[in-house]
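Note sheet for the following structure.
The values are calculated or read from the model by the stated rules, or taken from the named source; none is laboratory data. Computed from a predicted structure; not experimentally measured. Backbone-built Cβ (ideal geometry, glycine too); neighbour counts: all protein chains shown.
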Amino acid sequence: MSEKRKKSNKISIYLIKEDIDYNQILKEFAYNNILREDENSVTYFSPTRSNKPDWLKSYFNYLEDINISNSHAQVISIHKIVIDGKERIFAIPFGSGKYLLNDDVIEEQFGIKVLLNSVPIDGFRQLVVANYGGDHRIKNEQTPKKTNISEFGFDIFNDFVRRATAKSEEELFNNNTITGGDLLSVSVPVTIENVDNFLVSCYDRYKSDKYKENFSWLDNIREVKEKNIKQKLNEQLVKTINNKEFDKVWAAVPEIVEWEKILDFRFNTSKEGFDDIEIQNIIEIYKDQTVPSVDSLKGRKIYAMSVNDNDILNEWSIFNCLIAEIEYDNSAYCLNFGKWYKVDRSFVDTTNKYYESIRLSDVQFPDSNNEREDEYNQKLCNFLQNSVLMDKKTVRTIGMGKSSIEVCDVLTKEKQLIHVKKNGGSSYLSHLFSQAAVSGEMLLDREFREETNKKLQAQIFDDGFMANKYTVILAIITNTDCARPKIPFFSKVSIQYAIDGLKRKGYNVEIRNIYNK
């Protein structure tokens with residue numbers, strides 16, 4: 001007969017930052033009520049009362065006494081433990097006890113590091129990931145059975161893990177499932193009487209480098225959540241703008257837009273606007289061209305005006321339109337449309353090295369004169385003799401869910417598939433790279449090539465299609481006069497994923513800057 005399984009308690013654990021004073025861990029009122037106290041821990045609570053839910057009266061019009069009530073228990077245990085000669089503090093909340101914690105007091109990624117150091121690579125059940133190189137989308141994906149982390153739709157070049165759930169095979173965790181993010185959550189047979197030993201073991205897992213064997217990408221980048229660091233970065237951002245270091249900070253549209261519908265961009269809807277969002281135009285709206293604070297960047301708006309009725313199509317704060325790459329305290333940080341990210345130094349160097357290695361196209365592109373993209377593509381087609389204009393000539397395909405795919409903007413007689421986009425920032429360029437990747441994939445399909453030929457009413461692609469005979473050119477319109485486009489760091493990250501995919505299919509890939517005069 002198997003041994004009876006021990007009764008478990010589900011606990012969630014936060015690790016408190018080393019530099020946080022004990023009296024600053026919780027909100028001030030939380031220290032007033034002690035539930036329990038021993039040598040290493042104090043358990044605090046916030047008095048609560050049970051009351052009838054509002055909806056009993058407002059929705060059901062129920063006025064009689066009935067045994068239905070709300071309960072908002074707020075309890076949290078603070079444990080002080082000396083580990084390797086150093087005191088570390090852990091917080092274990094119960095009910096809604098986590099709301100007793102002050103902001104910015106917990107160690108980021110404590111739970112995810114414990115998890116990755118404690119589970120097999122094929123033991124994952126759920127991933128919550130956020131995209132940092134495009135539209136900041138958050139994906140929550142789970143599987144009906146445990147599986148390899150590679151089976152999730154997780155792109156190590158463009159996503160970072162916020163939270164994961166995986167099955168442990170270790171006695172420490174009672175062979176149970178673990179959830180890890182900033183906090184660690186697991187059901188284990190511990191109580192307040194013996195939890196300290198478990199906390200020490202979890203801390204050892206947190207400090208381990210074992211995760212780097214299979215999950216080294218965890219250290220590439222993380223969102224900055226600490227208020228004090230964000231404040232310092234915001235101050236450095238303002239300083240960089242006022243010093244006019246425009247190689248480190250610039251501006252762009254913070255989301256994918258339909259450029260054909262936009263007349264111009266304005267800071268005041270009643271005044272003349274600009275063809276694009278430029279950092280130089282932003283500073284001109286401030287007295288003496290000096291930005292007083294980051295609050296002024298967050299408080300002022302940029303409006304995208306409609307080409308038809310001069311109404312507002314979109315509006316964003318100036319701050320959310322800024323992109324910056326800043327060094328602070330010997331670390332590299334990126335601002336990407338309202339969010340700060342800390343980037344691993346080696347990851348920065350590797351990414352920049354890859355970007356500089358991408359082959360430059362020797363195709364001569366005419367300069368842009370602030371035309372719409374469709375107008376520039378027509379000009380480019382006229383400039384490149386015997387080329388085919390394919391802009392907006394989308395091809396429907398059943399294989400992609402009956403989506404309409406744009407093969408490219410211009411196809412040259414030398415079999416160059418040219419994709420053109422304005423440098424509208426990371427989200428817009430991610431769309432460009434994705435478009436090129438999808439097009440390259442679909443061109444390998446014979447039926448798709450036949451549909452393309454029908455659409456263009458010409459034999460553009462034949463049955464003997466070979467990817468290695470074609471070159472995909474990513475041409476980016478920027479305001480800099482150089483051969484290699486100047487693009488945000490996160491765009492350098494996402495372009496690598498797209499290019500590697502195209503090369504695996506056999507395509508040659510090149511990039512080129514188009515100077516917008």
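Would you mind telling me which numbered condition in (1) touching a strand residue (DSSP E or B) at 6+ places or on another chain (Cβ under 7 Å); (2) closer than 24 Å to I221 by Cβ; (3) buried (at least 17 other Cβ atoms within 10 Å of the Cβ); (4) in contact (Cβ under 8 Å) with a residue 40 or more places away in the chain Y211 fails?
(1)
For region 295-309, does any single residue satisfy the condition of being surrounded by 16 or more Cβ atoms within 10 Å (Cβ to Cβ), farther than 30 Å from S270 by Cα and out of contact with any helix residue (DSSP H, G or I) (no Cβ under 7 Å at 6 or more places or on another chain)?
No, region 295-309 contains no residue that is surrounded by 16 or more Cβ atoms within 10 Å (Cβ to Cβ), farther than 30 Å from S270 by Cα and out of contact with any helix residue (DSSP H, G or I) (no Cβ under 7 Å at 6 or more places or on another chain).
When you scan region 352-373, do you find a residue that is closer than 24 Å to D500 by Cβ, at pLDDT 85 or above and of a type in the set (V, I, T), even just one? Before the answer, list the steps.
First, the residues of region 352-373 that are closer than 24 Å to D500 by Cβ: 352-363.
If we keep only those that are at pLDDT 85 or above as well, we get 352-363.
Keeping just the survivors that are of a type in the set (V, I, T) gives 358, 363.
Looking through region 352-373, at least one residue is closer than 24 Å to D500 by Cβ, at pLDDT 85 or above and of a type in the set (V, I, T).
Looking only at region 226-239, decide whether some residue is in contact (Cβ under 8 Å) with a residue 60 or more places away in the chain, surrounded by 18 or more Cβ atoms within 10 Å (Cβ to Cβ) and touching a Lys or Arg at 6+ places or on another chain (Cβ under 8 Å).
No, there is no match, as no residue in region 226-239 is in contact (Cβ under 8 Å) with a residue 60 or more places away in the chain, surrounded by 18 or more Cβ atoms within 10 Å (Cβ to Cβ) and touching a Lys or Arg at 6+ places or on another chain (Cβ under 8 Å).
If we scan region 428-443, do we find a residue that is assigned by TED's automatic domain parsing to the domain that holds V410, of a type outside the set (G, A, S) and part of a loop (DSSP other than H, G, I, E, B)?
Within region 428-443 (the criterion being assigned by TED's automatic domain parsing to the domain that holds V410, of a type outside the set (G, A, S) and part of a loop (DSSP other than H, G, I, E, B)), the answer is yes, since at least one residue qualifies.
Any idea which residue in region 89-115 is modelled with the highest pLDDT, counting only those that are over 22 Å from the mean Cα position of the chain (by Cα) and of a type in the set (F, W, Y)?
Among them, the one singled out is F90.
In region 461-472, which residues are part of a loop (DSSP other than H, G, I, E, B) and either free of Cβ contacts under 8 Å to residues at least 12 places away in the same chain or surrounded by fewer than 16 Cβ atoms within 10 Å (Cβ to Cβ) (or both)? I'd like the intermediate steps shown before the answer.
Our first condition is that a residue be part of a loop (DSSP other than H, G, I, E, B); within region 461-472, this holds for 461-466, 470.
Residues satisfying the conditions are D462, D463, G464, F465, M466.
Conditions (1) assigned by TED's automatic domain parsing to the domain that holds E245; (2) among the charged types (D, E, K, R); (3) modelled with pLDDT under 90, marked per residue:
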{"position": "I282", "(1), (2), (3)": "yes, no, no"}
{"position": "K287", "(1), (2), (3)": "yes, yes, yes"}
{"position": "D295", "(1), (2), (3)": "yes, yes, no"}
{"position": "N310", "(1), (2), (3)": "yes, no, yes"}
{"position": "W316", "(1), (2), (3)": "yes, no, no"}
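Find all pairs meeting these conditions: Cβ atoms under 6 angstrom apart; at least six residues apart or on different chains; first residue within region 174-198 and free of Cβ contacts under 8 Å to residues at least 40 places away in the same chain; second residue surrounded by 15 or more Cβ atoms within 10 Å (Cβ to Cβ).
The qualifying pairs are F198/V190.
Can you report the number of residues in region 459-498 which are more than 20 Å from the chain's Cα centre (by Cα), closer than 28 Å to D159 by Cβ and not hydroxyl-bearing (S, T, Y)? If you could, list the steps in order and put the result at the bottom.
Taking region 459-498 first, the residues more than 20 Å from the chain's Cα centre (by Cα) are 459-486.
Imposing the further condition that a residue be closer than 28 Å to D159 by Cβ reduces the set to 467, 472-478, 484-486.
Imposing the further condition that a residue be not hydroxyl-bearing (S, T, Y) reduces the set to 467, 472-477, 484-486.
The total comes to 10.
Inside region 239-332, counting only strands (runs of 3 or more DSSP E) that do not spill past its ends, which hold 1 or more residues that are hydroxyl-bearing (S, T, Y)? Walk me through it before giving the result.
Numbers: elements: 249-251, 262-266, 301-306, 312-317, 322-328.
Because the criterion is at least 1 residues that are hydroxyl-bearing (S, T, Y), the strands (runs of 3 or more DSSP E) in region 239-332 that meet it are 301-306, 312-317, 322-328.
For region 34-110, which fully contained strands (runs of 3 or more DSSP E) count at least 2 residues that are in contact (Cβ under 8 Å) with a residue 12 or more places away in the chain and among the acidic types (D, E)? Walk me through it before giving the result.
Details: elements: 34-37, 41-46, 74-83, 86-95.
Of the strands (runs of 3 or more DSSP E) lying wholly inside region 34-110, none has at least 2 residues that are in contact (Cβ under 8 Å) with a residue 12 or more places away in the chain and among the acidic types (D, E).
Assuming V395 fulfils every condition listed in (1) modelled with pLDDT under 90; (2) hydrophobic (A, V, I, L, M, F, W, C); (3) within 21 Å of S491 (Cα to Cα) apart from one, which condition is it?
(3)
Could you say which residue among S404, S331 is surrounded by fewer than 21 Cβ atoms within 10 Å (Cβ to Cβ), small (G, A, S), in the same structural domain as S306 (by TED's automatic domain parsing) and under 30 Å from A130 (Cα atoms)? Full working, then the answer.
Working: S404 fails: in the same structural domain as S306 (by TED's automatic domain parsing).
The unique qualifying residue is S331.
Could you tell me whether Y62 is surrounded by 12 or more Cβ atoms within 10 Å (Cβ to Cβ), over 23 Å from I106 (Cα atoms) and among the aromatic types (F, W, Y)? Steps first, please.
Details: surrounded by 12 or more Cβ atoms within 10 Å (Cβ to Cβ): yes; over 23 Å from I106 (Cα atoms): yes; among the aromatic types (F, W, Y): yes.
So Y62 fits the description; yes.
Which residues, taken from region 214-237, are more than 18 Å from the chain's Cα centre (by Cα), at pLDDT below 90 and of a type in the set (D, E, K, R)?
K227
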